[in-house]
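Structure, as structure tokens:
Each value in this text was obtained by applying a stated rule to the coordinates, not by laboratory testing. Since we're looking at a predicted model, the values are computed, not measured. Here the Cβ positions follow ideal geometry from the backbone for every residue, glycine too, while neighbour counts run over all protein chains shown.
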Amino acid sequence: MTNLSVNLNRVALLRNSRNIGIPSVVKAARIVLDAGAYGVTVHPRPDQRHIRPSDVDDLSELLSQHYPQAEYNIEGNPLEPPFMDIVCRVKPNQCTLVPDSPDQATSDHGWDLERDGDRLIPIIQQLKDNGIRVSLFMDADPAPMSRAKEIGADRVELYTEPYATAFREGQTDSILLRYIDAAKAALEAGLGVNAGHDLNLENLGKFCELVPNVLEVSIGHALMAEALEMGLSNTVKAYLEILSQVK
């Protein structure tokens, strides 16, 4: 079964709109984990627009003390300080490296390994020296998967916004072939496959049914929006029900 990691950025974004500490990122983490989520994801950005370094530490303490079986995934751009300092201090289970600039509203493309691959080699090695599994945020393109393995990555996370857009427009057949080919290329290179960005209750099942061996999906924005109507615990359980039915 594909694992669900719940991205908590939107909880922190709402919390930061008022200086009264609610909603609580830690409480949200407890709710999603108690509902059966495999883990949690955070993306600490330099401007601290949502997740703050203190949140990263608080979640690390929560997981180590109360949910030792849960996966902790920290994502972000390793070329933008203080990201690497935060990750190497906390030592999450997984670090997903994302090539976003500080002024981006959200992640919107994968790594160009022809341009950045050599720069990532010592970064990936530093993370692995700290016992951290490394995933690279990548577009659905088979070509760079062997290079991702060469530079030391353990997994790739396929950027799924193009699929989500095609799903809304009823035109998924051709674009799904790209994701299938990319996943197969990753698997042939010896990489694990994750996926994330704009996956939701409507489009998740088809993606996981057709794209082979997806180990983990990271979902935040859509899940939190759906939780406004369904409740956070119920929404997580609805996602898990979809994943449990994938054959």
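So if I place +1 on the C-beta of Lys and Arg and -1 on the C-beta of Asp and Glu, and nothing else carries charge, what would the dipole magnitude of the chain be about its Cα centre? I want it in debye, nearest 20.
Result for the chain is approximately 600 debye, rounded to the nearest 20.
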* **Given charges at beta-carbon only (K, R positive; D, E negative), |dipole| of the stretch 1-146 in Debye** => 640 debye
* Length gain on complete extension for the stretch residue 143 to residue 161, per 0.36 nm per residue less the alpha carbon to alpha carbon distance? -> 4.6 nm
* Asked: Here are several values of Kirkwood radius over Cα pairs in Å: [x] 18.5; [y] 18.0; [z] 19.2. Which one was derived from the coordinates shown?
  -> [y]
* To do: Take the alpha carbon gyration tensor of the stretch 79-132, find the square roots of its eigenvalues, order them as a ≥ b ≥ c, and report rounded if a/c is under 1.5; if not, report prolate when a/b exceeds b/c, else oblate.
  => oblate
* **Lysine pair count for the stretch 3-245 [Cα-Cα under 23 Å; pairs on different chains or 8 or more apart]** => 8
* **Simple label model, 7 Å out from Cα along Cβ direction - residue 130 to residue 93, nm** => 1.8 nm
* Structure fact -> Taking a ≥ b ≥ c as the square roots of the Cα gyration tensor eigenvalues, with a/c under 1.5 meaning rounded and otherwise prolate when a/b beats b/c or oblate if not, the stretch 191-246 comes out prolate
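Could you tally the net charge around residue 34, taking each other residue with its Cβ under 12 Å from the Cβ of residue 34, Lys/Arg +1 and Asp/Glu -1?
+3
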* Which FRET efficiency, nearest 0.05, do residue 54 and residue 80 yield, Cβ-Cβ r, R0 25 Å? -> 0.85
